[in-house]
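Inspection log for the structure reproduced underneath, given as structure tokens.
The values are calculated or read from the model by the stated rules, or taken from the named source; none is laboratory data. This is a predicted model, so every value here is computed, not measured. FYI the Cβ positions are ideal-geometry reconstructions off the backbone, even for glycines, and counts take in every protein chain you see. Accessible surface is based on the protein model in full, side chains and every heavy atom, while ligands, DNA and RNA are left aside. Shrake-Rupley method; radii C 1.70, N 1.55, O 1.52, S 1.80 Å.
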Amino acid sequence: MSGAAGRNIPILRGAAGRAWVESARTRTPDAGMREAVARIIEQVREGGDSSLFDLAERFDGGRPAALRVPRDRCLAALDSLSNHRRDALEFALANITRFHEARVRTEEPVEVVPGVRSWREFRPIDRIGVYAPGGRAAYPSSVLMAVAPARIAGVGEIAVCCPGGPAGIPPESVLAACALLDVDEVFSVGGAQAIAALAIGTRSIRAVDKIFGPGGAWVNAAKLALYPEVEIDIPAGPSEVVVWADLSADPLFVASELVAQAEHGPDSSAVCILSDPADECGRRLELLAERIADDVARSLAELSGGPTVGSARESLAASAISVCEDDKTGEEQVNDLASEHLVLLRKNPAVDLSRIRHAGSVFLGPWSPVAAGDYASGTNHVLPTGRRARATSGLCLDDFGRWLQVQEIDREGLAALAPTIETLAEWEGLPAHAASVRARRVGER
């Protein structure tokens, strides 16, 4: 079965679904976009602030009066918020803070042998840059997700970049979030040029030690291109969701997750994997797939006339509902896609969680929508995309610092280690390593 004519999202079965998953996990970034990003980076490198003004006018539709947003302007944006919006920001911040504060830890020394103590100590990063999207939509939540854990970790300085748009200044919501978190510097700079400015530095924007924050394909490409010059969190690109559902799933809940993710942008991916050991032949699953597709259509109709409906339609047309022959195939497809967000709408989601090897953030059961993680459940919404969840985690407290390894050895401890050190050093052809140990041994100086 393939997508019926007029469906907003294709329905694929068996081999067609497997082929779609295979093609989805082997997509490569657009070469033309990478070349364009490289030109932007060189323009910023050569032109500094002047190039940032020109690029803002070209890409954001407006030339800012100044790159740096005055602190008073951010405070005014916070003061102008309605009570319910400020309450929402503060409630989300409290939950994010509570979750990340629980990750703060120290590590006790380990006596590996008598007289040899080894341990690690955490040190925060001196200066970071945070990218806050603000083009197609403004995301104050992204400011919370990056800046709140940075503050908890003890980061020294935080600079936020956000597109200024036609008005030449970032959205009020982003400025308000920056004020709430007492961000040190806010700049009206967006896109690949913002990443270049943070990495390279200009007269107005001092270079940072690490760049954080989500963005679209251009921001993602710039982060990857500049990685040799600056540390980055994760190259989080276009948004993704996979919903793994069985016959117990409410089709409206499935559809709502697919449409919600699709509205992020036309390049977002919204996939449903249907499998159930009680229906290995797939007949009832096919009916469920059709009901989900119908609910997708109804959800899109409710968005009709809104600013995100066009993006959602384009995204869903390139996405899929995959009806699997058996439950094992469903599990394989879920792990192959290694999605940014994974929703388990299954009879026993907590049990099925043990079958998940690759995902950025997992949402268990019918009352755990992805939107909760986006805003208010406390977990971080900056997550790996493009199958990077196979080897990378979502943003966490450790990302805002580094661990120093420390060892303290007394004379007896070094005597216990010396034979091993000397043997391995000489074996590897490094006699001075062995000599550095012998020089400390009593009677050999």
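Gain in length, Asp49 to Arg103, computed as 0.36 nm per residue apart minus the alpha-carbon separation, to one decimal in nm? Please list the in-between numbers first.
Numbers: separation 54, 0.36 × 54 = 19.44 nm, distance 3.84 nm.
So the chain would gain 15.6 nm between Asp49 and Arg103.
For the chain, a Gaussian network of Cα nodes joined below 10 Å ranks Val112, Val323, Val183 by mean-square fluctuation, and the top entry is Val112. For segment 311-443, the Kirkwood estimate of the hydrodynamic radius, built from every pair of different alpha carbons, is 19.7 Å.
Near Ser82: Cβ cut-off under 15 Å, other residues only, Lys/Arg at +1 and Asp/Glu at -1. The net charge is -2. Rounded to the nearest 20, the size of the Cβ-charge dipole of segment 264-370 about its Cα centre is 280 debye, with Lys and Arg at +1 and Asp and Glu at -1. Over the chain, accessible surface divided per residue gives 47 Å², non-protein components excluded, 1.4 Å probe. Computed over segment 73-133, the alpha-carbon pair-distance distribution with 5 angstrom bins reads 3, 12, 10, 15, 16, 12, 9, 7, 5, 4, 4, 3, 0, each value a whole percent. If you run the Gaussian network model on the chain, springs between alpha carbon atoms under 10 Å, then out of Tyr375, Tyr227, Tyr131 the most flexible one is Tyr227. The modelled label-to-label distance for the pair Ala94/Glu22, using points 7 Å beyond Cα in the direction of Cβ, is 5.2 nm.
Any chance you could run the full-extension gain for Ala350 through Ala415? It's 0.36 nm times the residue separation minus the Cα-Cα distance, nm to one decimal.
Working: separation 65, 0.36 × 65 = 23.40 nm, distance 5.12 nm.
Separation in residues times 0.36 nm, less the Cα-Cα distance, equals 18.3 nm.
In this simple spin-label model, placing a label point 7 Å from the Cα along the Cα-to-Cβ direction at both Arg34 and Leu287 gives a separation of 4.8 nm.
The share of alpha-carbon pairs in the chain lying farther apart than 36 Å comes to 39%.
What does the charge add up to near Pro109, with Lys and Arg as +1, Asp and Glu as -1, over the other residues with Cβ less than 15 Å from its Cβ? Show your work: numbers first, answer last.
Working: positive: Arg105, Arg117, Arg120; negative: Glu107, Glu108, Glu111, Glu121, Glu408, Asp410.
Net charge in that neighbourhood comes out at -3.
Our note on the geometry: Cα centres of segment 287-335 and segment 209-231, 30 Å apart.
Given Cβ point charges of +1 (Lys, Arg) and -1 (Asp, Glu) and nothing else, what value in debye, to the nearest 20, does the dipole of the chain about its Cα centre take?
Details: 47 positive and 61 negative charges, 101 e Å.
Here the chain has a charge dipole of around 480 debye.
If you plug the beta carbon distance of Arg441 and Ser393 into 1/(1 + (r/R0)^6) with R0 = 56 Å, you get a FRET efficiency near 0.80.
The simple spin-label model puts a point 7 Å past each Cα toward its Cβ; for Trp119 and Arg357 those points are separated by 3.7 nm.
Compute the relative contact order of the chain as a whole-number percentage, counting only Cα pairs closer than 8 Å that sit 6 or more residues apart in sequence.
Answer for the chain is 20 percent.
Hey, any idea what % of the chain's accessible area is carbon plus sulfur with a 1.4 Å probe? That fraction is 52 percent.
Separation of segment 354-395 and segment 249-263, taken as the distance between their Cα centroids, equals 16 angstrom.
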